[in-house]
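Peer 1: Supplied in structure tokens, the structure appears directly below.
Nothing in this text is a laboratory measurement; each read-out follows from the coordinates by a stated rule. This structure is a prediction, so every number in the text was calculated from the model and none was measured. Because the Cβ atoms are built from the backbone with ideal geometry, glycine has one as well, and the counts that use them run over all protein chains shown.
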Amino acid sequence: MSDDHQDYSTAFPDVSLKIHTVSVSLRRHLYMFKTLTGVFSFKKLDLGTKVLVDHMIIPDKPSILLDLGCGYGVIGIVLAYESPLSSVYFIDINKRATWCTRENLRLNLSNSNGKYRIYTGNYFNPIENAKIMFDAIYMNPPLRKGRKEFLDLFKNLTNYLRPNGSFQFVIKKKMGAEYIHKYLIDRFSKDYLKILCKRSGYWVFHYNQIK
């Protein structure tokens, strides 16, 4: 399997180990990220994540936030920088990804007193018995294997999202953004879901956990 077409959504990617560095400006701040082969978009930040980061809504008070499927930690590290009094959690199935996240927290937030937790596992599995409720969850979901696993997350959101909490995620139009929008509107009604933006072929969604 080539480095560009590796399966990053496994615990132990079967690809030779190489270290890369990604430099990118997000929300008017420059970040440096250490990445490894076998991690999603290790050569440069993917456009979907950038669109989500640029348009996501960050709580203006100390909160408990989750970067779900965190990769090398971009979304959660931006959250931690922008909301330094918040607690930020990171989850990814890929052990290389969570190693990178740990390194990138040190690299980008070395002077921070923030509260961070990093878990390795699939979706909510690592915290299913922890009784943690989040004010907001952020995700760039892996959809190349289909949409079912992602849509199944909505069945369990009430176990992890506080009342009035949000689930913010980005979907590429070509990967089914319109289908997912219709599916969620049919399931939850328009009161729960809005589109924050449509940029460069990506849609950023905001699902609200109404009381």
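Peer 1: When the residues of segment 52-92 are narrowed to those that are aliphatic (A, V, I, L, M) and assigned to a loop (DSSP other than H, G, I, E, B), which ends up farthest from the chain's Cα centre (by Cα)? If you could, list the steps in order and put the result at the bottom.
Peer 2: Restricting attention to segment 52-92, the residues satisfying the condition of being aliphatic (A, V, I, L, M) are 52-53, 56-58, 64-66, 68, 74-75, 77-80, 85, 88, 91.
Narrowing further to those that are assigned to a loop (DSSP other than H, G, I, E, B): 56-58, 85.
On the way: MET56: 11, ILE57: 13, ILE58: 13, LEU85: 19 Å.
So the residue we want is LEU85.
Peer 1: In segment 16-67, how many are of a type outside the set (Ser, Thr, Tyr) and touching a Pro at 6+ places or on another chain (Cβ under 8 Å)?
Peer 2: So the count comes out to 4.
Peer 1: Of all residues in segment 25-51, which are surrounded by fewer than 17 Cβ atoms within 10 Å (Cβ to Cβ) and more than 17 Å from the chain's Cα centre (by Cα)? Even if it seems obvious, please write down each step before you answer.
Peer 2: Step one: list which residues in segment 25-51 are surrounded by fewer than 17 Cβ atoms within 10 Å (Cβ to Cβ), which gives 25, 27-30, 32, 43-44, 47.
Hits for segment 25-51 are SER25, ARG28, HIS29, LEU30, MET32, LYS43.
Peer 1: Quick check on segment 117-173: of everything there that is outside any strand (DSSP E or B) and among the small types (Gly, Ala, Ser), which residue is nearest to the chain's Cα centre (by Cα)?
Peer 2: GLY121
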